[in-house]
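> The structure is given below, and queries will be raised subsequently.
The values are calculated or read from the model by the stated rules, or taken from the named source; none is laboratory data. Computed from a predicted model, the values in this text were never measured in an experiment. Here the Cβ positions follow ideal geometry from the backbone for every residue, glycine too, while neighbour counts run over all protein chains shown. Calculation scope for accessible area: heavy atoms of the full protein, side chains included, ligands and nucleic acids excluded. Shrake-Rupley method; radii C 1.70, N 1.55, O 1.52, S 1.80 Å.
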Amino acid sequence: MTVRSHRRTAGFSLLEVLVAFVILALVVTALFRLSGGAMNNASAADDWTRALLVAQSRLELAAATDPLRERTDTGSDDGGRITWTSTVAAWVPPDADPDLVQASQTMATRLYRISVVVEFPGAGQHTRRLSLSTVRIGARSPA
């Protein structure tokens, strides 16, 4: 009869423990990077949302002015982080027929382009810019 020696191994070797820790460290590092990126994206989305709300409200405010007059207004919101400029200017479509433009000079109304440009801080030292505009009809200002 041959006696076989059965070695019973209990636990893990040092090499197995080190490999497990390396794998765990890689997974945790990837999760932290993913979490940090998600937080940066959420912060950027919040900034864009605030800027869009400011632009929309300023655009509606400028368009609701009666009567529409050519002017430019500037200001800031959100504690000075968001600056805006709204402009109301007489507007002629770029592809308009010159004869039609000449004939429209006698009309009591005209088209006005209302634009709002919003600037707010971005990542690093970059400034982000958001621009909205619309066209409204209004009374012609006296010459």
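> Would you check if Val88 is of a type in the set (A, V, I, L, M, F, W, C) and touching an Asp or Glu at 6+ places or on another chain (Cβ under 8 Å)?
yes
> Only residues in region 82-103 that are closer than 11 Å to Ser115 by Cα count as the first member; pair them with residues that are of a type in the set (Gly, Ala, Ser) and open to solvent by 40 Å² or more (accessible area, probe 1.4 Å), Cβ under 9 angstrom, at least 6 apart or cross-chain, and list the lot.
Trp84/Ser76; Thr87/Ser133
> Only residues that are β-branched (Val, Ile, Thr), open to solvent by less than 50 Å² (accessible area, probe 1.4 Å) and over 30 Å from Gly37 (Cα atoms): list them for region 102-143, please.
Within region 102-143, Ile114, Val116, Thr134 qualify.
> Does region 80-90 contain any residue that is under 18 Å from the mean Cα position of the chain (by Cα), surrounded by 11 or more Cβ atoms within 10 Å (Cβ to Cβ) and part of a loop (DSSP other than H, G, I, E, B)?
yes
Yes/no matrix, rows are residues, columns are (1) on the phi < 0 side of the Ramachandran plot; (2) at pLDDT 90 or above; (3) among the charged types (D, E, K, R):
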position: Arg33; (1), (2), (3): yes, no, yes
position: Gly36; (1), (2), (3): yes, no, no
position: Glu60; (1), (2), (3): yes, yes, yes
position: Trp84; (1), (2), (3): yes, yes, no
position: Pro94; (1), (2), (3): yes, no, no
position: Leu100; (1), (2), (3): yes, no, no
position: Thr106; (1), (2), (3): yes, no, no
position: Arg129; (1), (2), (3): yes, yes, yes
position: Thr134; (1), (2), (3): yes, yes, no
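> Right, here's the next one. Could you tell me which numbered condition Ala10 fails, if it satisfies all but one of (1) of a type in the set (Gly, Ala, Ser); (2) in a helix (DSSP H, G or I); (3) farther than 28 Å from Gly122 by Cβ?
Status for Ala10: all satisfied but (2).
> Is it true that Glu70 is open to solvent by 50 Å² or more (accessible area, probe 1.4 Å) and either under 16 Å from Val135 (Cα atoms) or free of Cβ contacts under 8 Å to residues at least 24 places away in the same chain (or both)?
yes
> Can we say Leu52 is open to solvent by 50 Å² or more (accessible area, probe 1.4 Å), touching a residue at least 40 places away in the same chain (Cβ under 8 Å), hydrophobic (A, V, I, L, M, F, W, C) and out of contact with any helix residue (DSSP H, G or I) (no Cβ under 7 Å at 6 or more places or on another chain)?
Yes.
> Among (1) assigned to a helix (DSSP H, G or I); (2) surrounded by 12 or more Cβ atoms within 10 Å (Cβ to Cβ); (3) of a type in the set (S, T, N, Q); (4) over 14 Å from the mean Cα position of the chain (by Cα), where does Ser76 come up short?
Of (1) assigned to a helix (DSSP H, G or I); (2) surrounded by 12 or more Cβ atoms within 10 Å (Cβ to Cβ); (3) of a type in the set (S, T, N, Q); (4) over 14 Å from the mean Cα position of the chain (by Cα), only one is false for Ser76: (1).
> Still on this structure, I have one more. Here's a check for you: in region 104-143, which residue that is among the hydroxyl-bearing types (Ser, Thr, Tyr) and without any contact (Cβ under 8 Å) to a residue 12 or more places away in the chain is nearest to Pro94 (Cα to Cα)?
Ser104
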